[in-house]
Amino acid sequence: INLCRKYSSKRITTELLTAVALTESSGNPDALSPDGECRGLFQLSDMACIDVGLSSEWIFDPDSNAAAAARYLEILFAHFNGNERLSLAAYNSGMGTVHRFHNRVPPFTEQYVDLVIHRRDEIAQYLKRKEVIRRQIKQCP
């Protein structure tokens, strides 16, 4: 979560970045997709790396991978006018795929998008509970 917090923004929240990392790689910075096309904590493709200027030699570095993923999500959010579902679908299947489906979430990415959003919401609830507990402990004599 701390790594994701480092690269979060108003639009790309800590919770969203963390949910993407968990969904993409289960938090494994050395993850490699079955076809070998996507790599690292955020499972970035070569095309995504090119789009954000990440050299392939840094793709397995968690910090570089997280920074690149946050930049890529910013690009997608801007491209899809802030539409979270379309941006996540494009992260998973590519911008071109979302365009081919007439700017709708392709059926084969629905489950991915729903899972990321569900995890984002769970992480947000967890962080709120954690903050409440932290405040309560601070008030203890």
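Mind checking which lysines have their C-alpha under 21 Å from LYS6, skipping anything on the same chain fewer than 8 residues away?
List returned: LYS128, LYS130.
Roughly how big is the chain's charge dipole about its Cα centre, with Cβ charges of +1 (Lys, Arg) and -1 (Asp, Glu), in debye to the nearest 20? All intermediate terms of the calculation are to be shown ahead of the outcome.
On the way: 17 positive and 17 negative charges, 191 e Å.
With only Lys, Arg, Asp and Glu charged at Cβ, the dipole is about 920 debye.
Once both labels are modelled 7 Å past Cα along the beta-carbon direction, what's the ASP51-SER26 spacing in nm?
Label at ASP51, label at SER26, 2.7 nm between them.
So, R0 is 30 Å and r is the distance between the beta-carbons of ARG135 and THR97; what FRET efficiency does that work out to, to 0.05?
Working: r = 44 Å, r/R0 = 1.47.
In this case the efficiency is close to 0.10.
In square angstrom, what is the accessible area per residue of the stretch 17-79 with a 1.4 angstrom probe?
On the way: 2840 Å² over 63 residues.
Normalised by residue count, the accessible surface of the stretch 17-79 is 45 Å².
If you line up the Cα atoms of the stretch 1-68 on their principal axes, what length do they span on each, largest first, in Å?
The Cα atoms of the stretch 1-68 stretch 31, 24, 16 Å along the principal axes, largest first.
Return the calculated 222 nm mean residue ellipticity for the chain, to the nearest 500 deg cm²/dmol, obtained by summing -39500 (n - 2.57) across DSSP H runs with n ≥ 4 and dividing by the residue count.
So the helix-based figure for the chain works out to -19500 deg cm²/dmol.
Given the Cα-Cα distance of ASP114 and ASN81 and 0.36 nm per residue of separation, how much length would full extension add, in nm?
Details: separation 33, 0.36 × 33 = 11.88 nm, distance 1.92 nm.
Gain on stretching ASP114 to ASN81: 10.0 nm.
Just how far, in whole angstrom, is the stretch 57-92 from the stretch 1-48 if you go by their alpha carbon centroids?
That distance is 8 Å.
Run the simple label-point estimate for SER9 and ARG104 please: 7 Å along Cα→C-beta, distance reported in nm.
3.0 nm
Helix 84-93 sits at what angle to the longest principal axis of the chain, using alpha carbons and giving 0 to 90 degrees rounded to 10?
It is inclined by approximately 50 degrees.
For TYR126 and PHE60, calculate 0.36 nm times their separation in residues minus their Cα-Cα distance, and state this gained length in nm to one decimal. Show your work: numbers first, answer last.
Values: separation 66, 0.36 × 66 = 23.76 nm, distance 2.76 nm.
My answer for the length gained is 21.0 nm.
Using Stokes-Einstein with the Kirkwood hydrodynamic radius over Cα pairs, what translational diffusion coefficient do you get for the chain at 4 °C and a viscosity of 1.567 mPa s, in µm²/s rounded to a whole number?
On the way: Rh = 15.6 Å.
It comes out at roughly 83 µm²/s.
With a 1.4 Å probe and every protein chain kept in, tell me what percent of the accessible surface of the chain is carbon plus sulfur.
Details: 4340 of 8200 Å².
The C+S portion of the solvent-accessible surface of the chain is 53 percent.
Sorting check: for 22-35, 76-89, which peptide has the highest mean count of neighbouring beta carbons within 10 Å, and how do the rest follow?
On the way: 22-35: 14.7, 76-89: 18.7.
Highest mean packing first, the order is 76-89, 22-35.
The values are calculated or read from the model by the stated rules, or taken from the named source; none is laboratory data. From a predicted model like this one, the values you see are computed outputs, not experimental measurements. A quick note on method: Cβ atoms are made from the backbone with ideal geometry, for glycine too, and the neighbour counts reach across all protein chains shown. Heavy atoms of the whole protein, side chains included, go into the accessibility calculation; ligands, DNA and RNA do not. Shrake-Rupley method; radii C 1.70, N 1.55, O 1.52, S 1.80 Å.
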